[in-house]
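Since every read-out is calculated from the coordinates, none of them should be taken as a lab result. Keep in mind that what you see is a predicted model, and the values were worked out from it rather than measured. Counting neighbours? That spans all protein chains shown, and the Cβs are built from the backbone with ideal geometry, glycine included.
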Amino acid sequence: MSKSTKVVTVGMVLVMLVYRFIMPSLTDHHGHNLLFRASAEVAAFGFALDQFKIGCGRYPTTEEGLVALMERPSSILATQWCQFLNSPKGTNILRDPWGHPYIYKCPGTHNTIGFDVSSGGPNARPGTAEEIGNWAQAK
């Protein structure tokens, strides 16, 4: 076997390994890009949180979390609050595409006068290159 044939064979094996082990964590069973989905969901949370602030005069606290977009916190008057997000039946929109809870912090570490919303990505590891956060979308 020639050197170039060995290189091509090794390259093909590497592509097959990536496709077999890495791609399933980045796409769902329909082949949709989960990184794009997580980024879009983080952006949607940002929009809903801004609407919460307009209606209620503040962002939800870290303790109230993202659930405050779907269930009225006891500290918010019923006249101020409306359901800012609705989870379709049988789904949990508070979990990222890999099944891990989205992370919400207010005030944020990155957005100190606002909030941080993020997903740890396929490996559920905040603070790594796989993390998807609302602070990274402004780049």
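Considering the dipole of the range 33-138 built from charges on the beta carbon (Lys and Arg +1, Asp and Glu -1) around the Cα centre, which of Ala38, Ile103, Asn92 is farthest to its positive end?
It is Asn92, whose Cα lies furthest towards the positive end.
Per-residue counts of other Cβ atoms within 10 Å, averaged by peptide: what ranking do you get for 83-96, 114-127, highest first?
With the highest mean Cβ count within 10 Å placed first, the list reads 114-127, 83-96.
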